[in-house]
Amino acid sequence: MPIEDRYDNLDYVNGTILIVTDDIDINIVLSGVFALNGFKCFKCTSAEEALETLEHINAVDSMLIDGKIAADRGAMIIVKSKTKKPSIKIVVVANNDSAKTRVLDYGADDFMLKPVSAEVLTNRVITQLAKRQR
């Protein structure tokens, strides 16, 4: 099961996000950034762990897929996540654009190339969630 960050003094105005990256340091930093921007964060380090998390935690609004997982397992995670929860918003961040067309065709809502600032990343996720509410 993923580690759930608990920031009792924060207001989760932007919902929940599942952060999926094989780099533990990036996972910790991203969860802190998203928590400070109004998200309740769940962290996973594999595609399988992310799918298991979606089975157990029904209230996931958005997912960020990063790094090697995006390149190797991104399409599988996207298809299975969208099948389980069609309203989930998925943003993929990768080192190159070789998988861009594939992950977008499989249902990712946005694709970004690294490097990307934390501010831009959180704004893109918030924008995707706002589209869902229209």
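Here are the numbers for the structure shown:
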quantity: Simple label model, 7 Å out from Cα along Cβ direction - ILE26 to ALA130, nm; calculated: 2.6 nm
quantity: Max mean-square fluctuation residue, GNM over the chain, Cα-Cα springs under 10 Å, options LEU64, LEU121, LEU18; calculated: LEU121
quantity: Nitroxide proxy distance, nm - points 7 Å out along Cα→Cβ at THR101 and VAL13; calculated: 4.1 nm
quantity: Inter-label distance for ASN123 and THR83, nm, one decimal - labels placed 7 Å from Cα along Cα-to-Cβ; calculated: 3.6 nm
quantity: Residue with peak Gaussian network fluctuation, the chain [Cα springs, cutoff 10 Å], from SER31, SER117, SER87; calculated: SER117
quantity: Choice from VAL20, VAL60, VAL116 with maximal GNM fluctuation in the chain (Cα, 10 Å cutoff); calculated: VAL116
quantity: Sum of -39500 (n - 2.57) over DSSP H runs of 4+, divided by residues of the chain (222 nm, nearest 500); calculated: -14500 deg cm²/dmol
quantity: (i) 20, 16, 15; (ii) 59, 12, 10; (iii) 24, 18, 14, with the label sought being that of the calculated semi-axes √(5λ) of the Cα gyration tensor in Å; calculated: (i)
quantity: Between 0 and 90°, nearest 10: helix 118-132 axis offset from the chain longest Cα axis; calculated: 90 degrees
quantity: For segment 3-132, share of DSSP beta bridges that run antiparallel, in % to the nearest 5; calculated: 10 percent
quantity: Cβ-derived FRET efficiency at R0 30 Å, LEU36 paired with ASP72, nearest 0.05; calculated: 0.50
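Every number here is computed from the coordinates shown, using simple stated rules; none is lab data. These figures come from a predicted structure and were not determined experimentally. We place every Cβ from the backbone using ideal geometry, glycine too, and count neighbours over all the protein chains shown.
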